[in-house]
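Notes follow the structure.
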Amino acid sequence: MALASSAWTEPTGFTGTGGREKDGVGSTKAESRGARLGRVARAVGEATRPRRYSAGALVAHGVTGRPWRPAWRHHELGSTYDAVIVGAGVHGLATAYHLARDHGVRKVAVLDKGYLGGGSSGRTSGIVWSNYLTPEGVRFYDRSLRLYGELSGELNFNVMFSPRGHLTLAHSDASLRAMRWRAEVSKLHGVDSEVVGPEEVRRLVPLADVSSRARYPIMGALYHPSGGTVRHDAVNWGYARAADALGVEIHQGTEVLAISTAGDRVTGVTTNRGEVSTPVVVSCTAGWASLVSDMVGLSMPIITRPLQAAVTEPVQVLLDAVVVSGTLDVQVSQTDRGELVLGASPDPFASYSMRGSLEFTEEVAGRVLQLMPSVAPMRLLRQWSGLCDITPDLSPIMGPTPVEGFLVDVGWGTNGFMAGPAAGQAMAELVATSRTPELMAAFDLARFAEGRLVEERDAAGVGH
Amino acid sequence: MILIPCPHCGPRNASEFAWKGEHRPRPDPARASPAEWRSYLYHRANPCGWTTEVWFHRAGCRRYVTVERHTLTNEVRRAVPAGGER
Ligand SMILES: [Zn+2]
């Protein structure tokens, strides 16, 4: 909950807020010169208004005291769109961005019942990795990781991509075997992933108890150097700003109440702000996938479970790599602010409740201490919860459905954040061309009825 | 904490139980088509609201219990011994 603090009524970009503060502070000091320069800038005209964030723009805004343009705008809800996307998180915004940029489909509305990036995209631990178990999974997440690497430049927004390395610890022979398998699948697809021994773990994670005295001694790890972290809020804001600049409308506080159909075709949506007609509705929701699908009478193989996380007080750099242990059911990383982010598996039952539990706090603290006994003096700062839509094979559900015009990009479980960029690109291609990109073909809804599961349990099920 | 009023043991913390999922009638394995069977295996109503589900009291009486729980508030309003095949 703590990560999701800004109110949806006052959406501003990261830099936008800073600019406004600067405006207030500097206005008396540089008034005359600022006003003069401001007039000059206005005379030069709207066209030269700095849209791009840059050092030059920062200086210009600082000198002139001119407010930054909001990173995205408010709109009245229109009556017709070429496509309506449900959910303004990473997936929905990335889909809208790619629709507008790659395919010229700009009459697009992204609707969110809350605020932008306020669902699971604002509650993720921001870990990205791609050394999954299945070839389909490895290919997909690898595409996404590569897109994340280029995202700051592409969106002109620093998403703080940090490929600091990702380690999945093995505490048993069985885990080591599964990791060797994963390493081979990764190598086959050009993804860097190798099994390393306890000495290498000690070198990479000095904090970890690699001794044989541990209750579950570390026998090795699957090391994935290109995995790491991304600043999740920046990804939401960056995609929103880029999509807005291309003409996409983002409607916060706009809840889809019903989806109307004629025969087996989508014709529009009913929202709390009025009716909209559209031939295409894309569900990019996490936590609400079953409820949105229910609106068109479509049953989904999904269970919604809360995923909790917690952060400690900020400290100096202790931990470089992201560390995951399936046996201990814990994930630890350190943010750029210095907080340790602690995660585990989703709560062990279906629920739409986003309340934290004492069970989680006690268990995650106990597990972290087994792994890193020296962090015992650190205090927990806060904990929060988000919803995960979990499928039977822990692979997502992407693509068309039996209801024409109703497309889904759901069921990502705990893996949605890292898949966002590739999912947006693939879903946009599907919407624009009506062809399913090869990259996502294996993740169709029909696989459950036809018994073609993409079993990702041994990789994606590890607590994170 | 979620309390489940086990009909055999009384109110106990949900962490004593294993959640077994929505209570759903099982199709006849001899007569169900593969598609029907897979739908039974994989598809869930997953409602946001009241639902009837099965919990196993693993750290208690080790019996199955049918529970009515609200999935948004986690309120439990009824727990009875599970009948039938489970
Ligand atoms: Zn009992």
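Looking at the range A:270-426, the pairs of alpha carbons with a distance over 23 Å make up 48% of the total. A full extension of the chain between A:GLU450 and A:ARG203 corresponds to an added length of 84.3 nm, given 0.36 nm per residue minus the alpha carbon distance.
Tell me which of A:LEU188, A:GLY117, A:LEU155 sits at the most positive position along the dipole axis of the range A:92-196, charges placed on C-beta atoms (Lys, Arg +1; Asp, Glu -1). Selected residue: A:GLY117. Shielding of peptide B:33-43 by partners, expressed as the average count of other chain Cβ atoms within 10 Å per residue Cβ, is 4. Treating r as the C-beta distance of B:ARG24 and A:LYS187 and R0 as 30 Å, the FRET efficiency rounds to 0.10.
Taken residue by residue and averaged, Cβ atoms of other chains lying within 10 Å of the Cβ of A:357-367 number 1. Treating only the Cβ atoms of Lys and Arg (+1) and Asp and Glu (-1) as charged, compute the dipole magnitude of the protein assembly as shown about its Cα centre; round to the nearest 20 debye. Taking the Cα centre of the protein assembly as shown as origin, the dipole is about 1020 debye. Annotation: the antiparallel percentage among DSSP beta bridges lying fully within chain A is about 70. Count Lys and Arg as plus one, Asp and Glu as minus one, and take only other residues whose Cβ is under 11 Å from that of A:THR327; the net charge is then +1.
Remark: the B:TRP37-B:TRP50 segment gains 2.2 nm on full extension, using 0.36 nm per residue and subtracting the alpha carbon distance. Looking at the protein assembly as shown, the pairs of alpha carbons with a distance over 41 Å make up 25% of the total. In terms of packing, defined here as the mean over residues of other Cβ atoms within 10 angstrom, the peptides A:93-100, A:108-115, B:47-54, A:178-185 line up highest first as A:93-100, A:108-115, A:178-185, B:47-54.
For a modelled paramagnetic label at A:ARG265, 7 Å from Cα along Cα-to-Cβ, the residues of the range A:368-408 in reach, with backbone nitrogen under 17 Å, are A:401-407. As a length-normalised measure over Cα pairs under 8 Å and 6 or more apart, the relative contact order of chain A settles at 21 percent. Helices assigned as whole DSSP H runs in chain A whose Cα atoms extend at least 15 Å along their own long axis and whose mean Kyte-Doolittle hydropathy is 0.0 or higher are found at A:358-371, A:416-433. In order along the range B:17-28, the phi-based Karplus estimate (6.51 cos²θ - 1.76 cosθ + 1.60, θ = phi - 60°) of 3J(HN,Hα) comes to 10, 9, 6, 10, x, 4, 6, 9, x, 8, x, 5 Hz; Gly and Pro are listed as x. If the chain linking A:HIS74 and A:LEU381 were pulled fully straight, counting 0.36 nm for each residue of separation and taking away their Cα-Cα distance, it would gain 107.1 nm.
Mind giving me the FRET efficiency for A:VAL59 and A:GLU255? R0 is 30 Å, r the Cβ-Cβ distance, nearest 0.05 is fine. Using R0 = 30 Å, I get an efficiency of 0.10. Around the amide H of A:LEU307, modelled in the peptide plane, lie the amide H atoms of A:ASP347, A:GLY386, A:LEU387, A:CYS388, all under 5 Å away and 5 or more residues distant in sequence or on another chain. Between B:TRP50 and B:THR71, the built amide H atoms are under 5 Å apart, and every one of these is 5 or more places off in sequence or on another chain.
Under 16 Å of direct C-alpha separation, and excluding same-chain neighbours fewer than eight residues apart, A:LYS187 reaches these aspartates and glutamates: A:GLU136, A:ASP142.
A convex hull fitted around the alpha carbon atoms of the range A:338-417 yields 140 Å³ per residue. The H on the amide N of A:ILE85, modeled in the peptide plane, is under 5 Å from the matching H of A:ALA109, A:VAL110, A:LEU111, A:VAL282, each at least 5 residues off or on a different chain.
A viscosity of 1.306 mPa s and a temperature of 10 °C, combined with the Kirkwood radius over Cα pairs in Stokes-Einstein, give a translational diffusion coefficient for chain B of 115 µm²/s.
Charge dipole of the range A:338-441 (Cα centre as origin; +1 on each Lys and Arg Cβ, -1 on each Asp and Glu Cβ, all else neutral): 340 debye, rounded to the nearest 20. Note on B:ARG78 and A:GLN316: the model spin-label points, each 7 Å out from Cα along the C-beta direction, lie 6.1 nm apart.
In chain A, helical runs assigned H by DSSP with n ≥ 4 each contribute -39500 (n - 2.57); averaged across all residues and rounded to the nearest 500, the mean residue ellipticity at 222 nm is -10500 deg cm²/dmol.
Taking a Cβ cut-off of under 11 Å around A:GLU456, the surrounding Lys, Arg, Asp and Glu residues balance to a net charge of -2, with basic ones at +1 and acidic ones at -1.
Laboratory data are not the source of any read-out in this text; all were calculated from the coordinates shown. Every value quoted in this text rests on a predicted model; they were computed, and no experiment measured them. Cβ: placed from backbone, ideal geometry, glycine included. Neighbour counts: every protein chain shown.
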